[in-house]
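For reference, the structure is listed below as structure tokens.
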Amino acid sequence: MKASEGLFDDSVVYVTRQGAQVGVDGGRIVVFAAGEGEIGSFPMGQVDTVNIFGNVNFTTPFVARANEHGIVLNYFTSYGRYRGSFVPEKNTIAEVRRRQYALTEEEGLRIAGEIVRAKIRNSRTFLGRKGVTAEADGGRLAELESLAPGADTMDGLRGIEGEAARLYFSLLDGCLAEGWTFEKRTRRPPEDHINALLSLTYSMMKNEVLSALRQYNLDPFLGILHADRHGRPSLALDLLEEFRPIFCDAFAVRLVNKGILTHDDFQINNHLKDYAFKKYLEKFDELMKEEFTHPRFGYVVSRRKAVRMQSILLRKAITGELKEYYPLKFKR
């Protein structure tokens, strides 16, 4: 299988070949394409997530084996919009869920406050790395960062986060290379190429967070900061917040500043063209494999491992094994 058609990490498989079928042969996951036969094969025991995009099908025997092995199956449109998941039976532990459902408002506010503080800190760090100095915001982002953990109510905390996000996005244009501009954040649909890349990357990272939360038996639809809404993975969106600036936005900016993607790679509707989307997936998988020294624990981890570590820390904070939640926070 070409790297752009199905990308394999130690635990995550992407399948984008339209018309392909994912099946099982002995102890291996096998991907077939009409007229070509087998185009990819992966050991069942090493995979915990399979992501399919567009017109890709699973065989019934594969779904049964995925359930046995605890493999999560995620469904996306051909342009990367999340549509739903198959979650194995083994991915539930009653005691963890009971504690999550019993989380008090005060406990939730403490956790959410740390997530928002980390998001603002990471926003400041990313801007600083791109040469956008603290003077550009008059020190307000630093002030909002310090205010987040002391918010009295969830609505008050959301207000702090909202103001910080508006201020941060007003400065994002200064991070872009010549030929690219960013005026404001737009969604559903994104109104320009940068917004389209941001939305796609948030969706991809949300999938990473969803998989991690399910791996550690948390209900991704029961949120803390984000209000519950039918069909919305609110807890995944909560945990995503700390990753947005330092992983997602930094990645989107890297793609355009280095010329990996150009304006010519986009369609009129701002979606990436097919070949460019496959290139994007390849680069995103490379991003998640990149390693860095964890700022709290001091050892080297991949970005994908870091997301899963944060899911563990979040679960421990929710169940009371930790007195507080320790978000992923970069000071420089």
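Would you mind finding the one in T16, T49, T59, T104 that is assigned by TED's automatic domain parsing to the domain that holds P220, β-branched (V, I, T) and either more than 19 Å from the chain's Cα centre (by Cα) or surrounded by 13 or more Cβ atoms within 10 Å (Cβ to Cβ) (or both)? Steps first, please.
Working: T16 fails: assigned by TED's automatic domain parsing to the domain that holds P220; T49 fails: assigned by TED's automatic domain parsing to the domain that holds P220; T59 fails: assigned by TED's automatic domain parsing to the domain that holds P220.
Every option except T104 fails the conditions.
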Exercise. Restricted to segment 265-316, and to residues that are free of Cβ contacts under 8 Å to residues at least 12 places away in the same chain and among the polar types (S, T, N, Q), which residue is surrounded by the fewest Cβ atoms within 10 Å (Cβ to Cβ)?
Worked result: T293
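Of the residues I194, I160, which single one is outside any loop (DSSP other than H, G, I, E, B), modelled with pLDDT of 95 or more and of a type in the set (A, V, I, L, M)?
Details: I194 fails: modelled with pLDDT of 95 or more.
Testing whether each residue is outside any loop (DSSP other than H, G, I, E, B), modelled with pLDDT of 95 or more and of a type in the set (A, V, I, L, M) leaves just I160.
Can you name the strands (runs of 3 or more DSSP E) wholly within segment 21-74 that have at least 2 residues being free of Cβ contacts under 8 Å to residues at least 60 places away in the same chain and under 23 Å from V209 (Cβ atoms)? Let's see the steps before the verdict.
Values: elements: 21-25, 28-33, 37-43, 49-53.
Once the strands (runs of 3 or more DSSP E) in segment 21-74 are filtered for at least 2 residues that are free of Cβ contacts under 8 Å to residues at least 60 places away in the same chain and under 23 Å from V209 (Cβ atoms), what remains is 49-53.
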Problem set entry | Test: residue in segment 105-121 that is more than 30 Å from A250 (Cα to Cα) and not in a helix (DSSP H, G or I) | no
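Go over the candidates E242, E183 one by one and state the one that is assigned to a loop (DSSP other than H, G, I, E, B) and out of contact with any strand residue (DSSP E or B) (no Cβ under 7 Å at 6 or more places or on another chain).
Values: E242 fails: assigned to a loop (DSSP other than H, G, I, E, B).
After ruling out the rest, the residue left standing is E183.
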Seminar exercise, completed: All conditions in (1) touching an Asp or Glu at 6+ places or on another chain (Cβ under 9 Å); (2) crowded, with 18+ Cβ neighbours inside 10 Å are true of G70 except (2)
For this session: Examine segment 207-225 for a residue that is of a type in the set (A, V, I, L, M), modelled with pLDDT of 90 or more and part of a helix (DSSP H, G or I), and state whether such a residue exists.
Result: yes
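The values are calculated or read from the model by the stated rules, or taken from the named source; none is laboratory data. Owing to the predicted nature of the structure, the values given are computational and were not obtained by experimental measurement. So basically every Cβ, Gly included, is an ideal-geometry build from the backbone, and we count neighbours across all protein chains shown.
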